[in-house]
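Read the structure below first, then the notes.
The values are calculated or read from the model by the stated rules, or taken from the named source; none is laboratory data. Bear in mind the structure is a predicted one, so any value in this text is a computation, not a measurement. Every residue, glycine among them, receives a Cβ derived from its backbone with ideal geometry; neighbour counts consider all protein chains shown. Note: areas computed on protein heavy atoms with side chains; ligands, DNA, RNA excluded. Shrake-Rupley method; radii C 1.70, N 1.55, O 1.52, S 1.80 Å.
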Amino acid sequence: MATQFDPNTAQNLVEVRFQFAVKAVEHAQTYWNLLEKVNPHDLKLTKIDDEIYEHALQTFPELAENDNAKLVVIDEEWMKSDDGKKRWRDFINQYEKKVKDYNFGSLIRTDARQEYSETNTIFVTRIQFYVYEIARNRLGLNDKAHEIAKEEAVKEKEKAEKEKARAEKEKAKKKKN
């Protein structure tokens, strides 16, 4: 019979860390693909988006200050300050039974106006991801990212078509010889 897993006594195995990283990257890629295909205003990330949005703005009114500056560009120092950690921990724990994988790690863009990149990404919990992205979508802060994602998709499609045409040309050339 399997024993109960205790994360407090578990070793930090490289394979486990790698699996978590892979899941976080897959989640980020899936979200970026959604931003490409769906207008952010129409995007629903959970069954309780309204509750998360209202609760977040109630708990963290500073997110709405200065034209939503802390939503446009995440203030990581504010989030990770002693006060920020405590407030976020209290907020996050309220979603334990409401949101699947509420405390699972997720990658988020620090600046909503840019795409995912090494310098524009931090690691947050899934519920923190939802707080920021639900608000960004509702307030139009992800509109620029939506346009960037669509432009990227067009470029990728053109690149694939050129590669396919080049390969067909090469194949035809080999057939002649």
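Per-structure values
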{"quantity": "Orientation-averaged projected area, Cα convex hull of region 101-177 (nm²)", "calculated": "7.3 nm²"}
{"quantity": "Euclidean distance of C-alpha centroids, region 45-97 and region 118-177, integer Å", "calculated": "28 Å"}
{"quantity": "The chain - percent of accessible surface contributed by carbon and sulfur, probe 1.4 Å", "calculated": "51 percent"}
{"quantity": "DSSP-loop GluC sites (Glu not before Pro) across region 32-118, with at most 14 other Cβ within 10 angstrom", "calculated": "Glu96, Glu118"}
{"quantity": "Net charge of neighbours whose Cβ lies under 13 Å from the Cβ of Glu161, counting Lys and Arg as +1 and Asp and Glu as -1", "calculated": "+3"}
{"quantity": "Segment Lys37-Val16, extension gain: residue separation times 0.36 nm, minus the distance between their alpha carbons", "calculated": "4.4 nm"}
{"quantity": "Model label zone, Lys155; criterion: amide N under 15 Å from point 7 Å along Cα-to-beta-carbon; scope region 114-128", "calculated": "114-118"}
{"quantity": "Length-normalised contact order for the chain - Cα pairs under 8 Å, 6+ apart - percent", "calculated": "27 percent"}
{"quantity": "The chain, accessible area per residue, ligands and nucleic acids excluded (1.4 Å, Å²)", "calculated": "69 Å²"}
{"quantity": "Gain on full stretching of the segment that runs from Glu168 to Asn68 - 0.36 nm per residue minus C-alpha separation", "calculated": "30.9 nm"}
{"quantity": "From the C-alpha gyration tensor of the chain, square roots of 5λ in Å", "calculated": "37, 24, 14"}
{"quantity": "Rounded to the nearest 20 debye, dipole of region 30-164 from Cβ charges on Lys, Arg, Asp, Glu", "calculated": "460 debye"}
{"quantity": "Contour minus Cα-Cα distance for Lys23 and Glu115 (0.36 nm per residue)", "calculated": "31.3 nm"}
